[in-house]
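Here the structure comes first, spelled out in structure tokens, and everything after it is commentary.
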Amino acid sequence: MTPLLSAPGEKMAAVQDAPMELDSEKETKPEILSDGTSNLSGNTASGTLSSPPLTAGGAPKQEDQQTLIAVLQFLRRNKLTESVDILRREACLEDQEDSQTLDGSGGGKGDGDGGDANSLLSRVSIASAAAPQSTLTPIPVKNDQPDVSVVLSAYSQQGDPSLYQVYYTGLKNFIESVLDCHRAELSQLFYPLFVHMYLELVYNNHETKAKAFFEKFSGDQECYYQDDLQILCGLTKKEHLKGNEALLDFRTSRFVLRISRDSYQLLKRHLQERHNNQIWNIIQEHLYIDIFDGMPRSKSQIDSMSGSFAGETRREVNKAKVFYGLLKEPEIEVPLDDEDDEAENEEGKPKKKKTKKDSMGSKSKKQDPNAPQQNRIPLPELKDSDKLDKIMYMKESTKRIRLGPENLPSICFYSFLNAYQGLTAVDFTDDSSLLAGGFADSTVRVWSATPKKLRKVKSAAELNLIDKESDDVLERIMDEKTASESKNLYGHSGPVYGVSFSPDRNYLLSSSEDGTVRLWSLQTFTCLVGYKGHNYPVWDTHFSPFGYYFVSGGHDRVARLWATDHYQPLRIFAGHLADVTCTRFHPNSNYVVTGSTDRTIRLWDVLNGNCVRFFTGHKGPIHSLAFSPNGKFLASGSTDGRVLLWDIGHGLMIGELKGHTDTIYALKFSRDGEILASGSMDNTVRLWDSMKAFDDMETDDFTAATGHIPLPDNSQELLLGMYHSKSTPVTHLHFTRRNLLLAAGAYNSQ
Amino acid sequence: MTEREERRFAEVPRESIKLMAESSGVELSEEVAALLAEDVCYRLREATQNSSQFMRHAKRRKLSVEDLNRALRWSNTETICGYGAQDALPFRPLKEGELFFVEDREINLVELALATNIPKGCAETMVRVHVSYLDGKGNLEPQGTVPTAVQSLSEDLLKYYQQITRAILGEDPHLMKVALLDLQSNSKIAALLPYFVYVISGVKSVSHDLDQLNRLLHMVKSLVQNPYLYLGSYVRSLVSSVMYCILEPLAASINPLNDHWTLRDYAALLLSHIFWTHGDLVSGLYHQILLSLQKVLSDPVRPLCSHYGAVVGLHALGWKAVERVLYPHLPAYWANLQAVLDDYSVSNAQVKADGHKVYGAILVAVERLLKMKALSLTLAAEGSGAGLPGTTTGAVGFRENSPGLSPPSEPLSEPPLGIASHLQAGGAGCPWEEWTPVSLPAMYCELYSFFGDSLAVRFSTGPPLGGATPPGPCQPLEGRKEPASSAPNLENTRKMPQLTASMNISPRQDGSPRMEPQPPSLAATETRKTCSVEVPPGPGLGTTDIFPKARFPLPQAGPPAFSFIIGGRQMGRRCQGRRFQTSFTPTPPLTTHPPRAYAHKLPVIGRVSKPVRRWTCSHYSLHLPL
């Protein structure tokens, strides 16, 4: 972790549409950005995805411009003149960059009720990594200080170290004395203040005082900050600070608190009365207080949303419109063959007719108002084989079992036996015919889940001998000699942490500790491409539901969007403060969701790379994500053993499913979205009534405005079933097209 | 929250730092040591935190050394080596001083390499499916057991193991049958495999007890046939146990009444079965086994029963093995055998009887060799378009004979081990290194010089290689033709010493020691009995002749068309076949042939005019019915 920040060649990975000019050396690690709204890549990237080229961001807003200018500054400082030119050309900024004497107060006006004029400025200043934030002076154009020391220099202003305990105690006493309704809200201040004061002491070499401060007050902090406190308590030297990525993140990002206006006034008044400048300064510099009008929140409400590395979500972050609807299915003639009819005759004719109509009707329905434009993201054309597969899918879905609380799915468990190598990742194809496992010994193994064996295509020489005109040419190209139940794919040089099948079952992606994502052909069972870019362990990868695109996320704290035929990423989604642990595509392929070790979830727009949703509430690294089939909801699971449900359209947390006792590694909605299955390290699969969870929530635009809704504690009601495996952690879950639940995991003999 | 104050982190005291510095020759001041100690603590903690990331993504609960190493590697720090073992490292205090250390015992590699205990196997990674919950209700069956090599046994498995071993090695034949059947089909005994293998390796200690040996071999058979077992490295242990039964001069063979021959035949059959069904696992062993068989064969000090084992072993490994090991060795061996057979002293009677066994075994092996070789040549000549008739017949015949074993389709081609390559790629100085293929006529001539007519006769009674008895003349082969009309006659002439080779088709009353009613196992006995019973008593039954005069129902029930003159030295009943010459008295065209010439014309391969289905094909005769 240390070298990430000390690397002298660190550049901002931003400009992706100029791959020739910006070689990969620059993308070692993107700069930490203040938050998603000022995402750099989004503004600059327009590579192959540029269906409406720059129209979406055509008229850059004021703040976007500022960001761009900051980027330009950075590039110029690092003598990347070519990139500067390109960026300028792309963003039509020729004339503006010199006249950038934007003052923070000017920007702050637009920031509404924040009351904190620094919010906008901070975004710019952090992006350019240059501004001492306490002042409202214009951004210095030239700043040659290295980033790290700049960031830390924010602590340089000295208070009397011996008084820190007094200050803190004073605030503590005040908060404990206020009315109950405000106390919960104001208690949020404890943790960020505590951390900042502690760091300040450490930074200024008051080691013993820092230790004493920590001893005295660390016990007051919420239990879900334990992990961070552990990191903190080991840190007693200024030198340690420099190398500690996590704390650097804490510094660079402002901790976001959401406090009702009343509580905020109360606090402000108190601090002003006491002339408690030290605390007030910290609040001003390092915290972002998002003030809302209305009832102060209760303790449980606050707890449900907090816990992330950088505080809560600012409400305006989740205001952007998200097209969560599904794309219109291409119209395909479904040949209704007699076999099916006979099969269903038993159930009576009328029913049969009806189901057919439904399946056809839903496909040809007119565009969902919440769906993105069909061509918002250019998608690959359907091949004949894809159409065949779609037909198969429709046929299967007519036989789908309708699940519900009364009708739970059967569960098949795929146990990996003798996986001494350590099973690290599993994926099923959509039609459940293939099963892939990634192992810690760098291998990827593919199994056939059907009696059909896996065969390779014949060699080129043998293929020449084939009669290409024959009807069964697709059968003839397969080499019968190679038929086997499983195939091993060798190529990675580190544990394989993520595998994902392409929807057409021709490819398999695997991401590994060696920093690469590999694309494997399932025809020849060889590696086709190694996508290099992350340079650090790649924790997860996922194919787009339409193929062609895929997303990967890794230790370098960014997620990257790739197209299979491009060796460089099309988008870089930067903003997470820690490793991106899992990545998933939205069913309409227009969005990507990422979960991170910083305990937040971000939803990114594939079109422009913006972060459009930012969810906090988990108390541990997020290890599983799942979209509901209709694209409206998101479920996330984390090491804290809780599943959280999110309404994407409104940007709200709408449910919390408690029960698991260990990390949740697998989440999956049933094909119709009625059931959510979660699989965990605690060797259980749990089924939740997601329909009820979604229906109970009254989410209208009014409730969305406050950014929080009261969460019922109804996990027990929603839990439909808990199923134990025998010493087998559940690594992956999958619903077949007929709604049979497949679970997979490695049998653990110890 | 209060308890976290009590939680202390592991710290490296400054004394340790100073000690370490001293050991590398640096003197540290108190302050420097304190600073360093603190920094070391911090870095350690940081590395641990980073490594936990790798642990979580590997979906484990236990932090491994590998995780820490990865974290170190990614932070450009040297990794630590030598602690990759899965087992926990015992951290021990020394009572006398305040010293703690990681136990790091020296390992004697020689001891390790020569250790006799069975190493832990590494079973293949596999995926197994089972329906855990149907309609979200009820656990249908517990998740299947895992075919791991060595695991702590569950109570049930332990009980199963005890019951099975008790049943197999016990007295009750019925119970044994049931146990063997279960062993053969139980899908959940993988964890017990090492234990069974261990039990089987006990053959060496019961070499006096034929019955037990037999039971153990049956156990091998069941294990080999169990489709759910992955034998892995245990197959070697099994093979060595089987080889023991084939080759060793068992204590049981001291008593001539003991039918250890059957045991050897059975073991050889088992060996062949292992090679045919688990070829991928034992391919490395093939060469080794050939070598050891050859060694036994070429060692004149070894008792004849060992030689017999070597011959049947070679026979079981396929005709190529016979061609390359037995055939070149035959001239040298023949002299020894001849000496034994020629000695008529009373004291030698037993040895001589053994010699006959060996003789018969060689005859069978050689006959098969010729037959297969001829067939392969024929097929090569025909462009191998006609498939492998020999193979199919062989398979059919085999199945009839041994319903228990899946038929190893006896090869024209090599078994999937690549024997040839093994032989050719064998170590320098291997006898078969310089081996060059002998042409079929040359081979036949040479063999004929050893066996004389007995070889020839056997040929004419070979199985219909053409499969469904195509009539008409036999397949042409290198100009040696036998008039088809002579076939039925010849079959009547099977008066030749067939010895052990054809025992399973000889009626039990014929006095052959091998047919003593001592069933090796119940499971096997029934089939074998039926086999024996199927044979209608031939005319020679009543005689006390050790060699049956005719073992087949005569297709033409009339009187024999010709009689025999035994040429050469007439040795009475215990004649050796070598000097036999046949002459046919009245029969028309054939009798005109001078005997010698006739003999040379004999090898009619692919004789087809057999009127009856011949399940008693001579080249199955070594394959005991199970």
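Residues that are closer than 21 Å to A:Pro380 by Cα and touching a helix residue (DSSP H, G or I) at 6+ places or on another chain (Cβ under 7 Å): does segment A:492-514 have at least one?
Yes, segment A:492-514 has at least one match.
Report, by residue number, each residue of segment A:260-314 that is β-branched (Val, Ile, Thr) and assigned to a helix (DSSP H, G or I).
Those that are β-branched (Val, Ile, Thr) and assigned to a helix (DSSP H, G or I): A:Ile279, A:Ile282, A:Ile283, A:Ile302.
Looking at segment A:552-559, is at least one residue touching a Leu at 6+ places or on another chain (Cβ under 9 Å), within 30 Å of B:Asn69 (Cα to Cα), away from chain B (no Cβ under 14 Å) and of a type outside the set (D, E, K, R)?
No, because not a single residue in segment A:552-559 is touching a Leu at 6+ places or on another chain (Cβ under 9 Å), within 30 Å of B:Asn69 (Cα to Cα), away from chain B (no Cβ under 14 Å) and of a type outside the set (D, E, K, R).
Could we say that A:Leu271 is within 14 Å of another protein chain (Cβ to nearest Cβ), aliphatic (A, V, I, L, M) and buried (at least 18 other Cβ atoms within 10 Å of the Cβ) here?
Here the answer is no, as A:Leu271 does not meet what is asked.
Please give the number of the condition A:Leu235 fails out of (1) buried (at least 19 other Cβ atoms within 10 Å of the Cβ); (2) in a helix (DSSP H, G or I); (3) in contact with a Leu (Cβ under 9 Å, 6 or more places away or on another chain).
Tallying (1) buried (at least 19 other Cβ atoms within 10 Å of the Cβ); (2) in a helix (DSSP H, G or I); (3) in contact with a Leu (Cβ under 9 Å, 6 or more places away or on another chain), A:Leu235 fails exactly one: (2).
Starting from segment B:187-211, take each residue that is hydroxyl-bearing (Ser, Thr, Tyr) and list its partners that are part of a helix (DSSP H, G or I), counting only C-beta distances under 8 angstrom and pairs at least six apart or across chains.
Close Cβ pairs (under 8 Å, with a partner that is part of a helix (DSSP H, G or I)) amount to B:Tyr195/B:Tyr161; B:Ser201/B:Ser237; B:Ser201/B:Ser240; B:Ser201/B:Ser241; B:Ser207/B:Leu213; B:Ser207/B:Tyr244; B:Ser207/B:Ala251; B:Ser207/B:Ala252.
Determine whether A:Ala635 is at negative phi, more than 10 Å from the chain's Cα centre (by Cα) and not hydroxyl-bearing (Ser, Thr, Tyr).
Spelling it out, A:Ala635 is indeed at negative phi, more than 10 Å from the chain's Cα centre (by Cα) and not hydroxyl-bearing (Ser, Thr, Tyr).
Consider A:Asn608 carefully, then state whether it is over 17 Å from A:Leu719 (Cα atoms), polar (S, T, N, Q), touching a helix residue (DSSP H, G or I) at 6+ places or on another chain (Cβ under 6 Å) and more than 13 Å from chain B (Cβ to nearest Cβ).
So A:Asn608 passes the test.
Tally time: how many residues in segment A:555-577 are in a strand (DSSP E or B) and either crowded, with 23+ Cβ neighbours inside 10 Å or out of contact with any strand residue (DSSP E or B) (no Cβ under 9 Å at 6 or more places or on another chain) (or both)?
Final tally of qualifying residues: 9.
Hey, can you tell me all the residues within segment B:57-66 that are in a helix (DSSP H, G or I) and facing chain A (nearest Cβ under 7 Å)?
If the condition is that a residue be in a helix (DSSP H, G or I) and facing chain A (nearest Cβ under 7 Å), then B:His57 is the only one that fits.
Of all strands (runs of 3 or more DSSP E) completely enclosed by segment B:70-187, which ones contain at least 1 residues that are within 13 Å of another protein chain (Cβ to nearest Cβ) and either modelled with pLDDT of 75 or more or more than 30 Å from B:Leu210 (Cα to Cα) (or both)?
Per the criteria, B:126-134, B:137-139.
For segment B:1-10, check the following and say yes or no: at least one residue is farther than 30 Å from A:Ala440 by Cα, assigned to a loop (DSSP other than H, G, I, E, B), within 9 Å of another protein chain (Cβ to nearest Cβ) and polar (S, T, N, Q).
Within segment B:1-10, one or more residues are farther than 30 Å from A:Ala440 by Cα, assigned to a loop (DSSP other than H, G, I, E, B), within 9 Å of another protein chain (Cβ to nearest Cβ) and polar (S, T, N, Q).
Wholly within segment A:446-505, which strands (runs of 3 or more DSSP E) include no fewer than the required count, namely at least 2 residues that are more than 14 Å from every other protein chain (Cβ to nearest Cβ) and of a type in the set (S, T, N, Q)?
none
What's the number of the only condition in (1) surrounded by fewer than 17 Cβ atoms within 10 Å (Cβ to Cβ); (2) at pLDDT 85 or above; (3) within 36 Å of the chain's Cα centre (by Cα) that A:Ser177 fails to meet?
(3)
The values are calculated or read from the model by the stated rules, or taken from the named source; none is laboratory data. Here the structure is a predicted model, which means the values were calculated and not measured. Note: ideal-geometry Cβ built from the backbone for every residue, glycine included; neighbour counts use all protein chains shown.
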